[in-house]
Structures are given as C-alpha cells and as structure tokens.
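The values are calculated or read from the model by the stated rules, or taken from the named source; none is laboratory data. The shown structure was predicted, so the numbers you read here are calculated from the model rather than taken from an experiment. Here the Cβ positions follow ideal geometry from the backbone for every residue, glycine too, while neighbour counts run over all protein chains shown. Note: accessible area is taken over every heavy atom of the protein model, side chains too, but ligands, DNA and RNA are not part of it. Shrake-Rupley method; radii C 1.70, N 1.55, O 1.52, S 1.80 Å.
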Amino acid sequence: MSRLHRSRIADFQEVLGEPTVALAKLRDLCFSGIPFDGGLRCLCWKILLNYLPLEKALWSSLLKKQRDLYSQFLKEMIIQPGIAKANLGVSREDVTLEDHPLNPNPDSRWNTYFKDNEVLLQIDKDVRRLYPDMAFFQRPTDYPCLLILDPQNEFETLRKRVEQTTLKSQTVARNRSGVTNVSSPLKTPPNSLSEYEVLPNGCEAHWEVVERILFIYAKLNPGIAYVQGMNEIVGPLYYTFATDPNSEWKEHAEADTFFCFTNLMAEIRDNFIKSLDDSQCGITYKMEKVYSTLKEKDVELYLKLQEQNIKPQFFAFRWLTLLLSQEFLLPDVIRIWDSLFADDKRFDFLLLVCCAMLTLIRDQLLEGDFTLNMRLLQDYPISDVHLILKKAKELQDSK
C-alpha cells in the first residue's frame with residue numbers, strides 16, 4: 001500500500017471519526033474516489049445516499065429500525081402471499097369461497113397475485129442476466145435470507161414462484177412506455193431457467209437477493225413498479241454492499257441496498273417515467289442539456305453531430321438513465337458513482353461526464369460518418385474512467 005493511499009484512508013477515517021460527519025469535507029474526499037479498504041466505500045455511499053444521518057450516535061438505532069422494517073416487508077409481500085396461495089388452494093371447496101383464482105374483482109388477493117407475477121417475470125428475466133461476464137451474481141450468498149429459507153417452513157421463494165407461475169411458458173416484457181409484451185413460448189430466448197445451476201436447498205444466489213429487492217420496491221411503488229434498467233441501478237449498489245469487508249454490515253447487504261436504492265430512485269425515477277420525458281425533470285430535458293453543454297464547450301463538435309442528425313436520444317438516453325452502468329466494467333462504474341454520489345448538485349456532474357466522453361473522442365467523431373459515429377457512441381471506445389473523470393472536472397472548473 002502506497003504512502004499516498006494510506007494518507008487518503010487516514011483522511012477518510014478522520015472525517016468519519018467525528019461525532020457529526022462534516023458532509024462538505026466527505027463529499028470532497030469521495031469525489032476523488034473512495035478506498036475499498038475497511039468498508040469505507042459502503043459507509044460513505046450510505047451517508048451520501050441519505051440512508052445514514054450525519055450524527056454517528058444515531059446510526060445503530062436507525063440501522064436496526066430499517067432492517068426490522070425490511071424484514072416486515074419480506075413477511076408481508078413474499079411470505080404471506082405464498083402462504084395465502086397455499087391455503088386457498090388446499091381443497092376443492094375453496095373454489096366456492098369469495099376469493100378464488102377466477103375472481104374478476106380487482107381487489108381480489110388472487111388478482112393481485114397474478115398481476116404481481118407479470119412484474120416478477122420481467123424482474124426475473126433481467127436479474128438473471130445481470131453482469132453476465134462476472135460470476136458473482138450466480139454465486140451463493142454467504143447470508144441467505146433465513147426468514148424465507150426457514151427449514152421448518154417451506155415458504156415459497158420468488159424463484160419457485162417464477163417456476164410455478166402459469167405464465168412461465170411466456171416471456172413478459174414491460175418497457176418504459178408501460179406496454180406489456182407477451183411473446184409466445186416458441187420465441188423464448190435460449191438463456192432459460194434451466195441454464196442456471198440450481199443451488200442446494202437453503203442456498204440462494206446473489207441475483208435472487210437482487211430480485212427480491214426489486215420485487216419489494218415494485219410492490220411499494222405501484223406508480224412506477226418495475227421498469228427495465230432498474231436492475232442495472234441496483235446491481236452496483238448490491239455488489240458494493242455484499243462485498244463489504246466488514247462482515248457485520250455485509251450480513252445486512254440486502255436491507256441496506258433496498259433503502260439506498262429507494263433513496264437513489266427517488267432522485268432519478270423521473271428518467272424511467274415516459275409521461276415526464278418532456279418535462280423539466282424528464283430525460284429529454286437532460287439529454288438536451290448534454291448537447292447545450294457540449295455547444296458551450298466545443299461548438300465545432302456540437303455542429304458536426306447536429307449536421308449528421310445524431311440526436312442525444314441515440315446514446316445519451318442510456319448513459320443518463322442508467323448512470324453509465326452499461327458503458328463500463330463494474331469496478332469502473334463504481335468509481336464513477338463515487339463522484340456522482342459526491343456531487344452536491346446531484347447528477348449535474350453526470351452531464352459533464354457525458355460531455356467529457358464526447359470531447360475525448362472528438363477527433364474520431366469529426367472524421368467519421370453517421371454510421372461510424374453511431375457505433376462509437378453506442379459502444380464507447382475509451383475504458384480509462386480516470387481520464388474521463390479528469391476531463392469532466394476540467395469542464396466543470398472551466399465554467
């Protein structure tokens with residue numbers, strides 16, 4: 001470990017060691033990257049995402065309260081519906097009860113169960129392919145949810161629910177427009193359920209934990225529920241917390257990720273709501289802001305993209321909505337997020353990062369035709385995120 005690295009760790013420990021964390025100082029430190037050592041990144045993210053308060057004395061009681069609340073969510077939204085379904089399906093007489101599988105009443109528990117299954121199928125499809133180049137999400141977690149995997153009770157896990165659902169032979173996709181597409185079983189993609197290794201009883205893979213987080217979020221936020229891409233936002237958060245070197249915190253990665261994800265989504269959820277696209281808080285406004293910033297910083301490049309009719313929707317939509325999580329390898333995404341979360345005008349810096357990405361390939365863009373440039377923008381060629389962040393900081397300082 002270099003002297004500089006040791007010095008940076010000491011700086012973080014000093015700020016975090018105060019009875020009340022000085023947020024401005026912490027932001028300054030985090031902006032330049034947070035060391036992984038000693039669980040510093042996990043702790044800093046929890047503070048920056050407003051999960052932990054600045055007063056250290058409040059941390060333990062707040063964490064206990066939030067983790068207990070999450071356990072309550074698990075009981076109400078995963079365990080209870082499974083028990084109710086099992087109880088309602090015990091005998092033929094149940095069909096004559098007021099609530100039964102064919103009951104058209106929108107308030108019927110069965111109706112809710114089937115509607116939830118549609119959302120669950122989309123989540124399941126997306127989380128199974130989360131960071132396919134990494135084995136992490138397919139591996140078993142060291143801390144399976146004992147509340148659900150209780151050996152005394154055969155509670156229905158979400159994985160079993162997906163396997164048993166009557167819709168399992170169809171692929172259900174809900175895009176940002178809210179359109180639900182059900183494709184025929186013949187068109188089911190090859191990466192089906194059977195492709196994944198089945199873990200022994202009592203074990204669950206990390207992707208199953210992510211699935212649960214997204215399902216509970218969808219249940220608690222019916223206005224937005226689940227939209228494709230949210231899996232790409234929760235993935236880096238969960239990975240960071242589930243690899244925390246502090247085992248006491250790592251054990252609660254699921255609950256902590258859920259609340260940090262909920263807080264983060266409160267800030268970026270408008271990007272996922274199509275009806276808000278053209279409002280001042282919508283994604284269209286933010287994409288145009290990338291181009292207006294580019295025009296200010298590099299008018300020649302701006303005019304070239306305009307001349308070729310390369311609209312920001314063609315590339316910046318994904319960059320902004322998913323906080324660049326699909327453009328770089330996971331460790332690099334995490335490093336970028338250190339700076340994004342530390343931004344006191346949250347996500348203004350993201351616009352500058354997008355501008356920096358454009359200016360760093362300006363020579364290729366100025367020489368290229370429409371097809372070549374689209375390929376460059378949709379498969380970004382520079383992998384050195386430190387170079388990109390340095391350029392973005394230069395753009396910020398030149399204002």
request  = On the full set of protein chains, 1.4 Å probe, figure out the accessible area of residue 14 and give it in Å² to the nearest 10.
outcome  = 120
ask   = Rounded to the nearest 10 Å², what accessible area does residue 55 show when all protein chains are kept and the probe is 1.4 Å?
value = 80
task = Report the paramagnetic label zone for residue 24: residues of the stretch 355-399 whose backbone N is under 19 Å from a point 7 Å from Cα along the Cα-to-Cβ axis.
result = 397
key: C-alpha center-to-center spacing [the stretch 15-66, the stretch 335-398] in angstrom   = 28
remark   = A 1.4 Å probe over the protein heavy atoms gives the stretch 288-376 a carbon and sulfur accessible-area percentage of 50
remark   = For residue 115, counting only lysines whose alpha-carbon sits under 25 Å away and dropping same-chain residues fewer than eight positions off, the answer is 75, 85, 125, 160, 168, 187, 219, 274
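State the percentage of accessible surface on the stretch 236-276 attributable to carbon and sulfur atoms; use a 1.4 Å probe and exclude ligands, DNA and RNA.
Numbers: 630 of 1430 Å².
Summing carbon and sulfur atoms, their accessible area is 44 percent of the total for the stretch 236-276.
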query = Which of the aspartates and glutamates could a cross-linker bridge to residue 56, judged by Cα under 15 Å and excluding same-chain residues fewer than eight apart?
reply = 14, 18
